[in-house]
1. Mean residue ellipticity at 222 nm from the helices of the chain, using -39,500 (n - 2.57) per DSSP H segment of n ≥ 4 over the full residue count, to the nearest 500 deg cm²/dmol?
2. Give the angle, between 0 and 90 degrees and rounded to the nearest 10, that separates the Cα long axis of helix 3-27 from the longest principal axis of the Cα atoms of the chain.
3. Report the percentage of all Cα-Cα pairs in the chain whose separation exceeds 23 Å, rounded to a whole percent.
4. Placing unit charges on C-beta atoms (Lys and Arg positive, Asp and Glu negative, everything else neutral), compute the dipole magnitude of the range 3-88 about its Cα centre in debye, rounded to 20.
5. Working from Cα positions, state the angle (0 to 90°, nearest 10) between the long axis of helix 32-57 and the longest principal axis of the chain.
6. Checking the cross-link filter: which lysines have an alpha carbon closer than 22 Å to that of Lys86, excluding same-chain neighbours under 8 positions apart?
7. Under a crude label model (7 Å from the Cα following the beta-carbon direction), how far is Thr26 from Ser2 in nanometres?
Amino acid sequence: MSENKKDIMINFKKAKSLMDKLISMTDDGEYCIDIMQQNLAAIGLLKSAHQMLMAGHLNTCFKNAMASKNEKLKAKMVEEILKVNKLAAK
């Protein structure tokens, strides 16, 4: 497993653990600010994982597609990046 993949998996597992904690905190009626802080921590982990995934994709799949002579593939890759970037900005 690559170092990048290990780091992504660590972030996903931590975020999953935080989600379980958030559900429990909400069920138990804990203080709103405490819940929001944990929620922001989970969001931060997922954003970090997203950035690692994007970097990995750009350095492998995207880079390989741009080096090819297949114009259709190049256009598809650019389209995918724009689509994901738009979703991430929401």
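1. -28000 deg cm²/dmol
2. Tilt of helix 3-27: around 30 degrees.
3. Percentage above 23 Å: 43.
4. About 720 debye.
5. So the helix axis and the longest Cα principal axis differ by about 20 degrees.
6. Lys47, Lys63, Lys72, Lys74, Lys76
7. With each label placed 7 Å out from Cα toward Cβ, I get 3.4 nm.
Taken together, the values in this text are just the output of simple stated rules run on the coordinates, not laboratory data. Remember, predicted model here, so these are calculated numbers, not experimental data. All Cβ positions, even for glycine, are placed from backbone atoms using ideal geometry, and neighbour counts span all protein chains on display.
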